[in-house]
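Colleague: Here you go, one structure.
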Amino acid sequence: MYAQMVKTDTKRVRSLDEMEPQERAFQERIDAGQKIEPKEWMPEDYRKTLIRQISQHAHSEIVGQLPEGNWISRAPTLERKAILLAKVQDEAGHGLYLYCAAETLGISRDQMYEQLHSGKAKYSSIFNYPTLSWADIGAIGWLVDGAAIMNQVPLQRCSYGPYARAMVRICKEESFHQRQGFDIMTVLAKGTPEQKAMAQDALDRWWWPSLMMFGPSDDASVHSAQSMAWKIKQNSNDELRQKFVDQTVPQAKYLGLTVPDPALKWNEEKGGHDFGEPDWNEFFAVIAGEGPCNRERLEARRKAWNDGAWFRDGLTAHAEKQAARRQASRIAAE
Amino acid sequence: MGAPASSPAVSAAVAEFALRMGDNCLILGHRNSEWCGHSPALEEDIALANTALDLIGQTQLWLGLACEAEGKGRTPDNLAFLRDVSGYRNLLLVEQPNGDFGRTLMRQYLFDAWHLPLLKALMGSADRRIAEIAEKASKEVAYHLERSADLVVRLGDGTAESHARMQAALDFLWPYTGEMFLADALDEELAATGLAPEPASLKPAWQEHVGRTLADATLKVPEKSFAQKGGRRGVHSEHLGYILAEMQFLQRAYPGASW
């Protein structure tokens, strides 16, 4: 998922009886499945948690442009180039909807950028891995977008209206992204021996980081419990991970590729796969900035922002001049 | 242009002309796509990717026509990914490096202001296939021109820095604009047979648009008027080789593979 380990300020999830009347009314509306809209009262912690979650999600879309953008200029056919361009453009669009959704909670896009550039705000760990071959573009669509969809489909029912509505549009596009990724993998897996090896190598490198996208088990997390009570999170990390594995393993089999997990096997009793534990030390290291591409990704975002300052200032200055000219001509006309 | 005549399906002149059109779109689309994820504002990232996407789509149409008119059984991907520098027919303007975002926008504007009148004229081409592609592309390019002209004006008449950057971009790119209006034997043949307009006939509309836009942008038209040329006969700047090395990498490294 694109938002990982989002913290709340909660120490313990309180029952309705423990709440003040205003908060209790708020919680009852959520329990009844009603949407909360921007101008309505909400607990400060609900607002802050949503800002963290939505901005982390938005930053993930924006940083996520980089590993895939890395292959636009090397896409192997005109059609693949057009599809990849469209996909990366969609990610930028998702970032835009999400920043707008977060802005309804009283934070500006510039403030969110500042938090990203300073390292205060996080983005998904997955985008700190490099895209080394064309098959990585297939693997990202298939696995990374596939994992994102697992999380984003339930978020369409999220309690916060603007976030839920942004997610409806995003989900439509994400399923196209996942299909294009799977299509790339299908062509490679059925291609030359070198192409098949490329596809297997990509699966080997992206499998575990994709499972890590869901975050560590959060069954005991008070933050997750609070987010679930607020319906800004619907399923536990383990539930989503299980669902992802169960969906993806047959697809790998169809492709004739091997999932790089010796512990993977079907468990008839639970009606799902048993699978190995991702290397959580690696996950925490990536979150802490020690992944293979953390520095490049942040540096690229900071550079884009800093190098573009003159451009943004120029547009602002022009808008001010135009306003002043309009004002002057109004005065002259009077 | 003359009354529509039925053009032969195979025509060396049409094939060569379609290559020129397609290569301009491909190389400019490639250059624009280099900004993806790195633009100065999110809205610009989306808009520029959209422009690149339109241009790649137009590339597919023009190169498709080039293949058909060539009649040798090649595909648009064969043309895009397996020709060397000397086989490319694009203007030198579009292969120039992006520079800062201002230079990228100025390059786009100078191209758009030529591209749109050209496409409009091509809508009356004696070859129906050319006319159809031109009609579809002109709708997209009308938007490209509106956007690029608007940004040139706003940045030219923005801050002292944005003005200076746009003037520097204009001065740098200006020598690459003359090539758009030069005619060779093929252009004369195309014009005589009603397939495409004479290049020089596009100059008044371009000059008018550029003059007006640069005036609004408070930018000064460069005085030097020498033209760098050679793109249409396959003599390029050093930059194109690097573009192709990158763009063609997979097709070259894995010959014959499908993707």
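Colleague: Cross-link list A:K11/A:K48; A:K39/A:K120; A:K48/A:K172; B:K72/B:K229: which exceed 19 angstrom alpha carbon to alpha carbon? Could the numbers behind the result be given before it?
Modeller: On the way: A:K11/A:K48 15 Å; A:K39/A:K120 27 Å; A:K48/A:K172 27 Å; B:K72/B:K229 29 Å.
Exceeds cut-off: A:K39/A:K120; A:K48/A:K172; B:K72/B:K229.
Colleague: While we're looking at this one, here's another question. Please state the equivalent ellipsoid semi-axes for segment A:238-334: what are the square roots of 5 times the Cα gyration tensor eigenvalues, largest first, in whole Å? Intermediate results must be reported in sequence, preceding the final value.
Modeller: Details: eigenvalues 652, 78, 30 Å².
After scaling each eigenvalue by five and taking roots: 57, 20, 12 Å.
Colleague: On the protein heavy atoms, probe 1.4 angstrom, tell me the percent of accessible surface of segment A:1-145 carried by carbon and sulfur. Please list the in-between numbers first.
Modeller: Values: 2610 of 5130 Å².
On segment A:1-145, the fraction of accessible area on carbon and sulfur atoms equals 51 percent.
Colleague: Aspartates and glutamates within cross-link reach of A:K7: Cα-Cα under 17 Å, excluding same-chain residues under 8 positions apart?
Modeller: Qualifying aspartates and glutamates at Cα under 17 Å: A:E44, A:D45, A:D218, A:D219.
Colleague: Next question. Please name which of A:I83, A:A328, A:A135 has its Cα lying farthest along the dipole of chain A towards the positive end, using unit charges on Cβ (Lys, Arg +1; Asp, Glu -1) and the Cα centre as origin.
Modeller: A:A328
Colleague: Could you please state, rounded to a whole Å, how far the C-alpha centre of segment B:13-53 is from the C-alpha centre of segment A:54-88?
Modeller: 15 Å
Colleague: At a 1.4 Å probe radius, carbon and sulfur cover how many percent of the accessible area of segment B:78-142?
Modeller: Details: 970 of 1810 Å².
Carbon with sulfur: 54 percent of the solvent-accessible area.
Colleague: Could I ask something else about it? Rounded to the nearest 100 Å², what's the accessible area chains A and B bury against each other, both chains counted, probe 1.4 Å? Each step should come with its number before you reach the end.
Modeller: Working: alone 16290 and 12000 Å², together 24290 Å².
What A and B bury together is about 4000 Å².
Colleague: Only sites in a loop by DSSP and with at most 15 other Cβ atoms within 10 Å count here; which trypsin sites (Lys or Arg not before Pro) in segment B:196-244 make the cut? Can you show the working numbers first?
Modeller: Details: sites: B:R212, B:K220, B:K224, B:K229, B:R232, B:R233; in loops: B:K220, B:K224, B:K229.
The qualifying sites are B:K220, B:K224.
Colleague: Take every Cα pair under 8 Å in segment A:236-333 that's 6+ residues apart, average their separations, divide by the length, and report that relative contact order as a whole percent. Numbers along the way, then the final one.
Modeller: Values: 31 pairs, mean separation 12.3, N = 98.
Dividing the mean separation by the residue count of segment A:236-333 yields 13 percent.
Colleague: While we're on this one: Residue by residue through segment B:37-45, what is 3J(HN,Hα) from phi via Karplus (6.51 cos²θ - 1.76 cosθ + 1.60, θ = phi - 60°)? Round to whole Hz and write x for glycine and proline.
Modeller: Karplus-based 3J(HN,Hα) across segment B:37-45 equals x, 10, 6, x, 8, 4, 4, 6, 4 Hz.
Colleague: On to the next question. Suppose every Lys and Arg Cβ carries +1 and every Asp and Glu Cβ carries -1, with no other charges. What dipole size does chain B come out with about its Cα centre, to the nearest 20 debye? Please report the intermediate quantities before stating the final value.
Modeller: Numbers: 24 positive and 34 negative charges, 64 e Å.
Computed about the Cα centre, the dipole is about 300 debye.
Colleague: Shifting gears a bit: I'd like the orientation of helix B:12-33 relative to chain B: the angle between its Cα long axis and the longest Cα principal axis, in ° from 0 to 90, rounded to 10.
Modeller: So the inclination is approximately 40 degrees.
Colleague: Dipole of chain A, Cα-centred, from +1 at each Lys and Arg C-beta and -1 at each Asp and Glu C-beta, to the nearest 20 debye?
Modeller: Working: 43 positive and 46 negative charges, 221 e Å.
So the magnitude is around 1060 debye.
Colleague: At 20 °C and a viscosity of 1.002 mPa s, what translational diffusion coefficient does Stokes-Einstein give for segment A:160-274, taking Rh as the Kirkwood radius over Cα pairs? Give it in µm²/s as a whole number. List each step's numbers first, then the result.
Modeller: Values: Rh = 16.4 Å.
Reported coefficient: 131 µm²/s.
Colleague: Could you list log10 I(q)/I(0) for segment B:52-174 at q = 0.13, 0.16, 0.21 Å⁻¹, which the Debye formula gives when each Cα is one point scatterer?
Modeller: With one equal scatterer per Cα and no solvent, log10 I(q)/I(0) is -0.62, -0.87, -1.21.
Colleague: Of all chymotrypsin sites (Phe, Trp or Tyr not before Pro) in segment A:256-305, which ones are in loop regions per DSSP and have a Cβ with at most 12 other Cβ atoms within 10 Å? Walk me through the numbers before you get to the answer.
Modeller: Numbers: sites: A:W266, A:F275, A:W280, A:F283, A:F284, A:W305; in loops: A:F275.
Passing both the DSSP loop test and the Cβ count: no residue.
Colleague: Would you kindly calculate the mean projected area, averaged across all directions, of the convex hull enclosing the Cα atoms of segment B:114-259, in square nanometres?
Modeller: Details: hull surface 46.5 nm².
The orientation-averaged projected area of the Cα hull of segment B:114-259 comes to 11.6 nm².
Colleague: Starting from the exponent 0.38 and prefactor 2.2 Å, build the expected Rg for segment B:13-93 from its residue count and divide its actual Cα Rg by it. Could the numbers behind the result be given before it?
Modeller: Numbers: Rg = 13.8 Å, N = 81, 2.2 N^0.38 = 11.7 Å.
Output field value: 1.18.
Colleague: Which value, in nm² and rounded to one decimal, describes the direction-averaged projected area of the C-alpha convex hull of segment A:81-234? Present the calculation step by step, with values, prior to reporting the outcome.
Modeller: Working: hull surface 40.2 nm².
Result: 10.1 nm².
Colleague: Would you work out the charge dipole size for the protein assembly as shown about its Cα centre, treating the Cβ of every Lys and Arg as +1 and the Cβ of every Asp and Glu as -1, and quote it to the nearest 20 debye? It would help to have the intermediate numbers written out before the result.
Modeller: On the way: 67 positive and 80 negative charges, 110 e Å.
That gives the protein assembly as shown a dipole magnitude of about 520 debye.
Colleague: Okay, moving on. Specify the inter-centroid distance of segment A:209-249 and segment A:98-167, based on alpha-carbon positions, in whole Å.
Modeller: 15 Å
Colleague: Given a 1.4 angstrom probe, what's the average accessible area per residue across chain B, in square angstrom?
Modeller: Accessible area per residue, chain B: 39 Å².
Colleague: If exposed means no more than 12 neighbouring beta carbons inside 10 Å and the site is in a DSSP loop, what's the longest run of chain B without any exposed GluC sites (Glu not before Pro)?
Modeller: Looking at chain B, B:1-222 is the longest stretch - no exposed GluC sites (Glu not before Pro) with at most 12 other Cβ atoms within 10 Å.
Colleague: Using a probe radius of 1.4 Å on heavy atoms only, what accessible surface per residue do you get for chain A? Whole Å² is fine.
Modeller: Values: 14270 Å² over 334 residues.
Dividing the accessible area of chain A by its residue count gives 43 Å².
Colleague: Also: Compute the Cα gyration tensor for the protein assembly as shown, then decide on rounded, prolate or oblate, letting a ≥ b ≥ c be the square roots of its eigenvalues: rounded whenever a/c is under 1.5, prolate when a/b is larger than b/c in the other cases, and oblate in all that remain.
Modeller: Working: a/c = 2.47, a/b = 1.48, b/c = 1.67.
Cα axes put the protein assembly as shown in the oblate bin.
Colleague: Follow-up. Counting other Cβ atoms within 10 Å, which trypsin sites (Lys or Arg not before Pro) in segment A:30-85 have at most 13 and lie in a DSSP loop?
Modeller: On the way: sites: A:K35, A:K39, A:R47, A:K48, A:R52, A:R74, A:R80, A:K81; in loops: A:K35, A:K39.
Listed in order of number, the matching sites are A:K39.
Colleague: Based only on Cα atoms, what mean projected area does the convex hull of segment A:1-91 have, in nm²? All intermediate terms of the calculation are to be shown ahead of the outcome.
Modeller: On the way: hull surface 32.9 nm².
Spelled out: convex hull of the Cα atoms, projected over all directions, averaged, 8.2 nm².
Colleague: Viscosity 1.002 mPa s, temperature 20 °C: what is the translational diffusion coefficient of chain A from Stokes-Einstein with a Kirkwood Rh over Cα pairs, rounded to a whole number of µm²/s?
Modeller: Working: Rh = 21.6 Å.
My calculation gives 99 µm²/s for D.
Colleague: Next question, about the same structure. Using modelled backbone amide H atoms (1.01 Å from N, in-plane), which distant-in-sequence or interchain residues come within less than 5 Å of A:Y160's amide H?
Modeller: A:I36
Colleague: Net charge near B:E44, counting Lys/Arg +1 and Asp/Glu -1 over other residues with Cβ under 13 Å of its Cβ?
Modeller: On the way: positive: A:R312, B:R147, B:R154; negative: A:D307, B:E43, B:D45, B:D100, B:D150.
Cβ neighbours under 13 Å give a net charge of -2.
Colleague: Pop out the ³J(HN,Hα) list for segment A:64-79 in order, Karplus 6.51 cos²θ - 1.76 cosθ + 1.60 with θ = phi - 60°, rounded to Hz; leave Gly and Pro as x.
Modeller: x, 5, 5, x, 7, x, 3, 10, 4, 6, 10, 4, x, 9, 4, 5
Colleague: What number comes out for the charge environment of A:V286, summing +1 per Lys or Arg and -1 per Asp or Glu over other residues with Cβ under 15 Å away? Write down the numbers at each step before the final one.
Modeller: Numbers: positive: A:K122, A:R205, A:R295, A:R297; negative: A:D279, A:E282, A:E290, A:E296.
The answer is 0.
Colleague: Based on the Kirkwood radius over alpha-carbon pairs, what is the Stokes-Einstein translational diffusion coefficient of segment A:124-178 at 20 °C with 1.002 mPa s viscosity, in µm²/s? Mind showing how you got there, number by number?
Modeller: Working: Rh = 12.0 Å.
Calculated translational D: 178 µm²/s.
Colleague: Just to confirm a number: summing +1 for Lys and Arg and -1 for Asp and Glu over residues other than A:M5 whose beta-carbon lies under 12 angstrom from that of A:M5, what do you get?
Modeller: On the way: positive: A:K7, A:R52, A:K122, A:K233; negative: A:D218.
Net charge in that neighbourhood comes out at +3.
Colleague: Largest first and in whole Å, what are the equivalent-ellipsoid semi-axes of chain B based on the Cα gyration tensor, each being the root of 5 times an eigenvalue?
Modeller: Numbers: eigenvalues 168, 102, 52 Å².
Each semi-axis is √(5λ); the values are 29, 23, 16 Å.
The values are calculated or read from the model by the stated rules, or taken from the named source; none is laboratory data. The structure presented is a predicted model; accordingly, all values stated were derived computationally and were not measured. Because the Cβ atoms are built from the backbone with ideal geometry, glycine has one as well, and the counts that use them run over all protein chains shown. Heavy atoms of the whole protein, side chains included, go into the accessibility calculation; ligands, DNA and RNA do not. Shrake-Rupley method; radii C 1.70, N 1.55, O 1.52, S 1.80 Å.
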